[in-house]
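Q: Take this structure, written in structure tokens, and hold onto it; I'll ask about it next.
The values are calculated or read from the model by the stated rules, or taken from the named source; none is laboratory data. Only a predicted model underlies this, so the values are computations on that prediction, with no experimental measurement involved. Here the Cβ positions follow ideal geometry from the backbone for every residue, glycine too, while neighbour counts run over all protein chains shown.
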């Protein structure tokens, strides 16, 4: 693993920590937005390309939205190999489900960042939303990409289903904020903690928040009322990885999702939605985490189980 420093690839851990040993996620590098009002990035069919990993929960969000919003014929994709080793994410279509780089035939994802900015200093992450017309990255922040996919292409697809409706935005934003810090990123803070204190703090916050979500789901079908919203679509990729990876690999083992009555029901029901089920690749998920994180799993042994994910 490594990162780009002034445009040059540097072999180093991408797991950054603060002074107390707590995992510190780095901010994303490109933050533009596709809209009819943007001077450059207009919504057009065939103009944009997504670089994703089936293993990555952040990229999984964008794949779910691409399918839910009927954008598969409008936004093309390339899928990296599940192994993220010394060279970072790579393209290798010899592994089932992974693809070549369809735009430039690059070998590594870092080359996409270097093409956008030859002098960039950044971690090399997925997802990336690329503009074929200007040959640059529009955005590499998943929470912003899904907002674009939610509304920016509605006139192209005639799909006006809104997962971030105005009347629910305050509630969605509030629960998103809590779940992001404690759950979505909380599993990483637990798994990458370098001190017992940092680990204890993250795991406690993680399960306190899962307990809160369990309580919400006691009287509600979804996180914000009885229809699916962005809040659910941001949480489900983490829940689908929880029992097969995070419980053991990231030491998040106080409970499994299947041990929660409401959370397990909720996860099963969401998984049956085609846009979620058909973009979930359990092989890529297990392979990536157990094989890529050598500091956590130095012998790269991939567990056979669990037999059931719910």
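Q: Which of the residues that make up segment 227-251 are buried (at least 24 other Cβ atoms within 10 Å of the Cβ) and outside any helix (DSSP H, G or I)?
A: Passing the criteria: only 250.
Q: Could you tell me whether any residue of segment 263-278 is touching a helix residue (DSSP H, G or I) at 6+ places or on another chain (Cβ under 6 Å) and not in a helix (DSSP H, G or I)?
A: No, segment 263-278 contains no residue that is touching a helix residue (DSSP H, G or I) at 6+ places or on another chain (Cβ under 6 Å) and not in a helix (DSSP H, G or I).
Q: Looking only at strands (runs of 3 or more DSSP E) that fall completely inside segment 43-140, which ones have 3 or more residues that are in contact with a helix residue (DSSP H, G or I) (Cβ under 9 Å, 6 or more places away or on another chain) and over 21 Å from residue 237 (Cα atoms)?
A: 136-139
Q: May I ask you to list pairs of residues, at least six apart or on different chains, whose Cβ atoms are under 8 Å apart, with the first in segment 262-279 being under 13 Å from residue 237 (Cβ atoms) and the second being modelled with pLDDT under 95?
A: Final answer for the pair search is 267/310; 271/310.
Conditions (1) outside the structural domain of residue 27 (by TED's automatic domain parsing); (2) on the phi > 0 side of the Ramachandran plot; (3) touching a helix residue (DSSP H, G or I) at 6+ places or on another chain (Cβ under 8 Å); (4) assigned to a loop (DSSP other than H, G, I, E, B), marked per residue:
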{"residue": "146", "(1), (2), (3), (4)": "no, no, yes, no"}
{"residue": "149", "(1), (2), (3), (4)": "no, no, yes, no"}
{"residue": "170", "(1), (2), (3), (4)": "yes, no, no, no"}
{"residue": "173", "(1), (2), (3), (4)": "yes, no, no, no"}
{"residue": "177", "(1), (2), (3), (4)": "yes, no, no, no"}
{"residue": "180", "(1), (2), (3), (4)": "yes, no, yes, no"}
{"residue": "190", "(1), (2), (3), (4)": "yes, no, yes, no"}
{"residue": "194", "(1), (2), (3), (4)": "yes, no, no, yes"}
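Q: Quick one: residue 302 ticks every box in (1) more than 21 Å from residue 203 (Cβ to Cβ); (2) out of contact with any helix residue (DSSP H, G or I) (no Cβ under 9 Å at 6 or more places or on another chain); (3) outside the structural domain of residue 216 (by TED's automatic domain parsing) bar one, so which box is it?
A: With respect to (1) more than 21 Å from residue 203 (Cβ to Cβ); (2) out of contact with any helix residue (DSSP H, G or I) (no Cβ under 9 Å at 6 or more places or on another chain); (3) outside the structural domain of residue 216 (by TED's automatic domain parsing), residue 302 is out only on (2).
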